[in-house]
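Worksheet: one structure, shown below.
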Amino acid sequence: MYSAEPGAPIAAPLNVPSFRKMKAQAQRIVCLTAYDASFAAVMDAAGVDLVLVGDSLGMVVQGHSSTLPVTVDQMVYHSAAVARGLRRAVLMTDMPYQSYASPQRALEAAARLQAEGGAALVKLEGAGHVLDSIEYLSARDIPVCAHLGLTPQSVLKLGGYRVQGRDAEAALRLREDARRVAEAGAEMLVLECVPAALAAEITADIAIPTIGIGAGLQCDGQVLVMHDLLGVTPGRRPRFVKDFLAGAGTVEAAFVAYAEAVRKGSFPTQEHSFQ
Ligand code: KIV
């Protein structure tokens with residue numbers, strides 16, 4: 001149950017510039033997804049730095065087989081709920097499928113996610129034509145997180161959820177895309193399901209922080225889908241997932257264990273990474 005105590009002392013709230021400072025000081029960034037106020041409050045108290053309202057909610061909350069059916073209205077609704085649970089962590093919200101098909105559409109959706117949903121950053125998948133939207137939003141002071149590697153909104157074109165950037169040509173393209181999103185003004189970059197060595201090269205290449213999921217230990221931070229961290233992963237569990245609830249006893253202890261493991265660099269291990 002959501003129970004942030006009004007007036008209780010809290011550590012200084014983080015903000016968007018905090019993450020570049022953390023990269024510069026080699027402090028790992030702890031990120032988790034949330035979809036409601038109650039879990040958001042528990043992870044905030046557990047020391048999670050960045051909370052992502054992922055469009056993964058289409059799969060883990062709504063039960064769809066992909067993220068494609070998620071709408072801007074739904075992201076606004078969940079984002080506003082999560083915002084009410086946070087006191088210290090920064091809130092980032094996904095722009096759903098085709099909501100950034102043009103820079104103007106991106107601006108309309110991003111403005112709603114910020115003004116109604118309380119998001120500090122919005123996240124967009126891909127490079128190519130998406131660079132125009134990243135630039136357009138950044139020029140209007142809307143902080144943007146890019147997302148490269150496995151981009152789930154492209155699942156139909158990719159033909160499934162697979163590791164990306166494995167051959168030399170794809171790896172080079174990914175490195176170039178990472179530079180381009182940073183040049184377009186992105187504040188941060190999520191790297192999903194890419195070989196650990198490639199993610200390490202990208203992390204060293206660009207000044208903005210990288211947040212990995214299935215991208216090895218050398219990223220500047222890590223993100224997991226909350227359900228996966230709590231062992232609620234129906235079917236085959238992806239390689240990069242670890243159940244932190246097993247052995248932790250409580251949900252809060254599981255979030256604390258995850259945050260400590262990310263900060264100490266004991267998660268992810270090679271077992272959770274791709275070569
Ligand atoms: O939608 C989501 O939860 C995400 C994370 C997997 C990074 O984009």
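The values are calculated or read from the model by the stated rules, or taken from the named source; none is laboratory data. Just so we're clear, the structure is a prediction, and the values are computed from it rather than from any experiment. As a convention, Cβ positions derive from the backbone with ideal geometry for all residues, glycine included, and neighbour counts pool all protein chains shown. Protein only, heavy atoms only, side chains kept; ligands, DNA and RNA dropped before computing areas. Shrake-Rupley method; radii C 1.70, N 1.55, O 1.52, S 1.80 Å.
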Quiz prompt | residue 168 paired with residue 141, simple spin-label distance in nm, labels 7 Å along Cα-to-beta-carbon | solution = 4.7
Quiz item: Fully extended, how many nm does the chain gain between residue 20 and residue 132 (0.36 nm per residue separation, minus their Cα-Cα distance)?
Solution: 38.1 nm
Self-check item: For the range 151-157, Karplus couplings with θ = phi - 60° (6.51, -1.76, 1.60), whole Hz, Gly/Pro x
Solution: 10, x, 5, 9, 4, 5, 6
Quiz item: Got a number for carbon plus sulfur as a percent of the chain's accessible area, 1.4 Å probe?
Solution: 53
Quiz item: Which pairs in the list 123/264; 23/264; 23/157 are over 23 Å apart, alpha-carbon to alpha-carbon?
Solution: 123/264; 23/157
Quiz item: If amide H atoms are built 1.01 Å from N in the plane of the peptide, which residues on other chains or at least 5 residues away come under 5 Å of the amide H of residue 119?
Solution: 114
Quiz prompt | ³J(HN,Hα), Karplus 6.51/-1.76/1.60, whole Hz, each residue of the range 84-92, x for Gly, Pro | solution = 5, x, 9, 10, 10, 6, 8, 9, 10
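Quick check: residue separation of residue 156 and residue 275 times 0.36 nm, minus the Cα distance between them. What number comes out in nm? If you can, show how the numbers build up before the last one.
Working: separation 119, 0.36 × 119 = 42.84 nm, distance 2.44 nm.
Gain on stretching residue 156 to residue 275: 40.4 nm.
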Quiz item: Separation of the range 166-231 and the range 18-50 by C-alpha centroid, Å?
Solution: 17
Self-check item: Phi-based couplings in Hz for the range 175-183 (Karplus 6.51, -1.76, 1.60; Gly and Pro marked x)
Solution: 5, 5, 4, 4, 5, 5, 5, 5, 5
Quiz item: Taking amide H positions as placed 1.01 Å from N in the peptide plane, with prolines and chain starts having none, which residues 5 or more places from residue 29, or on another chain, fall under 5 Å of its amide H?
Solution: 221, 222
Quiz prompt | Probe 1.4 Å, all protein chains present, accessible-area order of 20, 162, largest first | solution = 162, 20
Practice problem: Report, by chain and number, residues whose modeled amide H sits under 5 Å from the one on residue 53, excluding near sequence neighbours (fewer than 5 apart, same chain). | Solution: 34, 92, 93, 94
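Can you give the accessible area per residue of the chain, in Å², using a 1.4 Å probe?
On the way: 11820 Å² over 275 residues.
So the chain comes to 43 Å² accessible per residue, rounded to a whole number.
By how many nm would the segment from residue 107 to residue 264 lengthen if fully extended, with 0.36 nm per residue of separation less the alpha-carbon distance?
Details: separation 157, 0.36 × 157 = 56.52 nm, distance 3.77 nm.
Residue separation times 0.36 nm, minus the Cα-Cα distance, leaves 52.7 nm.
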